[in-house]
1. Would you confirm, using the coordinates I've provided, whether VAL478 is open to solvent by 70 Å² or more (accessible area, probe 1.4 Å) and either modelled with pLDDT under 85 or more than 18 Å from the chain's Cα centre (by Cα) (or both)?
2. Mind counting the residues in segment 289-307 that are assigned to a loop (DSSP other than H, G, I, E, B) and touching a Phe, Trp or Tyr at 6+ places or on another chain (Cβ under 9 Å)?
3. Given the residues LYS254, LYS274, LYS250, LYS258, which is the only one that is in contact with a Leu (Cβ under 6 Å, 6 or more places away or on another chain), charged (D, E, K, R) and open to solvent by 50 Å² or more (accessible area, probe 1.4 Å)?
4. Tell me whether segment 130-152 contains one or more residues that are touching a residue at least 24 places away in the same chain (Cβ under 8 Å), outside any strand (DSSP E or B) and not β-branched (Val, Ile, Thr).
5. Answer yes if at least one residue in segment 321-329 is of a type in the set (A, V, I, L, M, F, W, C), modelled with pLDDT of 90 or more and in contact with a strand residue (DSSP E or B) (Cβ under 9 Å, 6 or more places away or on another chain), and no otherwise.
6. Out of PRO318, PRO334, which single residue is within 23 Å of ARG457 (Cβ to Cβ) and open to solvent by 30 Å² or more (accessible area, probe 1.4 Å)?
7. Which number in (1) more than 18 Å from GLU232 (Cα to Cα); (2) surrounded by fewer than 17 Cβ atoms within 10 Å (Cβ to Cβ); (3) not polar (S, T, N, Q) marks the one condition that ASP263 misses?
Amino acid sequence: MEQDTTELFEEFKELSASEFFRRNKQMLGFSGKIRSLTIVFHELITNSLDACEEAGILPDITIELKRLGKDHYLLKHADNGPGIPEDYITKVYCQMFAGSKFRNIQSRGQQGLGCSGCVLLSQMTTGQPVKIRSRYKDGNELKGVEMTVKLDVENNTGIILDRKDFETDRTGSGIEIEFKEVSYSMSEQGAYEYIRRTVIGNPHARIVFKDPTGRKYTFERATDQIPPLPKEVLPHPKGVTADDIINMCKNTNKKRFKNLLMDSLSRVSVAKIKELEEATGIDMNKRPKSITWKEAEAVVNQFDQMKFMAPPTSGLKPIGNEQIEKGINEILLPEYSTAITRKPQSYRGGVSFIVEAGIAYGGKAGRSVGTQKKAEIMRFANRVPLSFDQGSCAITEALKSIDWRRYGIRDLDNAPITVFVNIISTNVPYLSTGKQSVAPEEEIVREVRQATMKIARKLEKYLRAKKAAKNEEMRAKVFEDLVPVILKQSAQLAERDIPEYEKVMDEVTHKAKIMDMKDRLKQPEIKPMEIKTEEPELRMKTVDEEDFSQEEQYDGGID
């Protein structure tokens, strides 16, 4: 018996964004216990860094992770940013696809899923609400508000369970949030390593972390220079689709199609409009809302045939050579380091990007595996560490394709080096919504290779000079044993006084040349950055369970 068609659709219903991600949390990166916790750290730290930089504040971030049981943790995160106005607190923490990053601009985050995704994971694994404290300026008045909230998954909104005001003399925000089915690890993919790499890529940040054992790590900032804010840039004609054109036409208040194209796309001039009109036969004076899909396709196809200036790069703000080296030196204390920032390029014809690379040799560079030192690859996108999916990433593909033997490194996997690569773009081509791996676009792979080979040549020069100095020193030691005997015997044969030993040694062993070579090999003196660790029973100030607040963070709670 055939079933009534209407019965087939009785269970038909819509899912809110929150409900969709509740069923597909792996799309937010929450897959695996270690990875889930690291992604939480990533989302909260990223939001704090963005907020501080936009407000012109040097970031101070405090994180405490307390173990409540097996795979059960309480996370307390606080920053000194501008805070969140009360009306926006539930939007930031309890609403998917809500935020200020939906623009064509270089940004750490782009989807408006971060903080609300963390709240969703907490609610899914513990059923507990989260506590949020915000200090913000309302006109000339400083306000403090504390809220206990839950996420209404069905309606993708926040529910305020409790609210109270408190006095404050500074700005900032903090969250107390509980998780189960997550795990803290000191591994390369763990939360501690994520913080360490974040400070290397963001040398202007200071992060204090108290781990589940009670040990406190202080990562001091290497520079007081706040990165310049990136600027929004217009899409390039080579990077738009017919759907983009139709969408622009629907949402514009322009009266003429040509004005829309010139104001909404970069590098589109009056001359280009004329060329476009002649080639397509489309009236450029017609109203944008009357543009059909066929006409939009014709415009995009013609864009592919036309020549335009390269995409604008003024909106891209790389870290810079000097700042990369400061970050590397502060954390890794290497024997040698160097960095490079390449000139802007574009992929897919219309998306601009910049590749930066750094390399560190010796010191704490590389990763320790037992008693061995192995190479460490640090991948970044817009200053954000990429901790997972390394094998499928364009950065890894590019580095593995280099013949490192040409640069004095016999085996990359077993060399005491750290290779740092950062990709800057308004639209980093991630392979998935987890944003942990960059698509192997041909232009990106090529630029990563070129940047890395350039700094590898500098490392090779250093290693060659170091080897030469070592050979000279070994040769000198041979003479140091023989010259005194020869001097004594020669003086006796010649019936003369024994000549001055040091003067002859300098000439015979080229000691002056060796010392000069050693001086040239020396790196500028690096002030050792202590990742301060304090055993709780010795020097740690106890963190009050009820008051993990900015008062403690900035009034002396951090040594």
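1. yes
2. Final tally of qualifying residues: 1.
3. LYS254
4. For segment 130-152, residues touching a residue at least 24 places away in the same chain (Cβ under 8 Å), outside any strand (DSSP E or B) and not β-branched (Val, Ile, Thr): absent.
5. yes
6. Just one listed residue meets the conditions, PRO318.
7. Result: ASP263 fails condition (1) only.
Yes/no per residue for (1) without any contact (Cβ under 8 Å) to a residue 40 or more places away in the chain; (2) within 26 Å of LEU44 (Cα to Cα):
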| site | (1), (2) |
| --- | --- |
| ARG342 | no, no |
| GLY349 | no, no |
| ILE354 | no, yes |
| TYR361 | no, no |
| LYS374 | no, no |
| PRO385 | no, yes |
| GLU397 | no, no |
| ARG410 | yes, no |
| PRO416 | no, no |
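The values are calculated or read from the model by the stated rules, or taken from the named source; none is laboratory data. Everything numeric in this text was worked out from a predicted model, so none of it was measured. Positions of Cβ are generated from backbone atoms using ideal geometry, with glycine treated the same way; all protein chains shown enter the neighbour counts. All accessible areas refer to the heavy atoms of the entire protein, side chains included, with ligands and DNA or RNA removed. Shrake-Rupley method; radii C 1.70, N 1.55, O 1.52, S 1.80 Å.
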